[in-house]
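The values are calculated or read from the model by the stated rules, or taken from the named source; none is laboratory data. From a predicted model like this one, the values you see are computed outputs, not experimental measurements. We place every Cβ from the backbone using ideal geometry, glycine too, and count neighbours over all the protein chains shown.
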Amino acid sequence: RHDGARPDAGLLAVAPAVESAVPVSGDPQTRRPGIGALRRDAAVAEGFAQRLRPLLRPASYYVASRVAVFVAALVGATIFPKLRVVQSMGSVWDGRWYLMIAQHGYPHHLINEGDGSRWAFFPAFPGAVRMLAEVTRLTLPDAAFVAAFIFGLTSALAIWLAVREVFGERLADGAVLL
């Protein structure tokens, strides 16, 4: 090139106004990032970790509550082995309907299926369970357990953030603990 442009300027020619804001480092031949890019990535990761740090406390509250429920189920299974408490987690009451929707979908007609109808339940959770089962190859009950955990954790964090914004961290902690 005789115009004095850098060999890697073709990447930046699309947006020449940003050229000075996007430092190019590393070896363009091997496409390996240089030290500057690695330091920048580490700084971005550190900034991300700093932003997530306040969420550790409410997340730990939620995880501790799920562990407590699981331990209670294990104790119940030890005391009453015929009840199959652990195996039936997530597949009784409404969980049974959600699993049925995830497995078979909705019936073509509005019918009473014994003690209720699948039409009484919204499709978002069964759809998420079905998608998670397809992607991860988990069984439907296991996928429902994982999806419920993820959605529960997300809900606890969203409640904590909303209450903290209005009332402060102390009341936000209490709201999540409830």
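So which residues in the stretch 72-122 are under 23 Å from E134 (Cα atoms) and acidic (D, E)?
D94
In this structure, does F151 turn out to be under 16 Å from the mean Cα position of the chain (by Cα), surrounded by fewer than 16 Cβ atoms within 10 Å (Cβ to Cβ) and part of a helix (DSSP H, G or I)? Outline the logic, then answer.
Details: under 16 Å from the mean Cα position of the chain (by Cα): yes; surrounded by fewer than 16 Cβ atoms within 10 Å (Cβ to Cβ): yes; part of a helix (DSSP H, G or I): yes.
Against the criterion (under 16 Å from the mean Cα position of the chain (by Cα), surrounded by fewer than 16 Cβ atoms within 10 Å (Cβ to Cβ) and part of a helix (DSSP H, G or I)), F151 qualifies.
Within the set of pairs 6 or more residues apart or between chains, which connect a residue that is more than 21 Å from A59 (Cα to Cα) inside the stretch 131-155 to a residue that is of a type in the set (D, E, K, R) with Cβ atoms less than 8 Å apart?
Correct list of pairs: A133/D142; L140/R130.
Filter the helices (runs of 4 or more DSSP H) completely within the stretch 1-112 down to those with at least 3 residues that are modelled with pLDDT of 65 or more and under 30 Å from E169 (Cα atoms). First the steps, then the outcome.
Details: elements: 9-12, 35-52, 56-79, 94-104.
Fully inside the stretch 1-112 and qualifying: 35-52, 56-79.
Can you tell me which residue within the stretch 97-122, out of those that are surrounded by fewer than 15 Cβ atoms within 10 Å (Cβ to Cβ) and within 23 Å of the chain's Cα centre (by Cα), is nearest to A143 (Cα to Cα)?
Q103
Within the stretch 123-148, restricting attention to residues that are assigned to a helix (DSSP H, G or I), at pLDDT 90 or above and charged (D, E, K, R), which residue is surrounded by the most Cβ atoms within 10 Å (Cβ to Cβ)?
R130
Looking at (1) surrounded by 14 or more Cβ atoms within 10 Å (Cβ to Cβ); (2) on the phi > 0 side of the Ramachandran plot, which is the one condition that is false for R84?
With respect to (1) surrounded by 14 or more Cβ atoms within 10 Å (Cβ to Cβ); (2) on the phi > 0 side of the Ramachandran plot, R84 is out only on (1).
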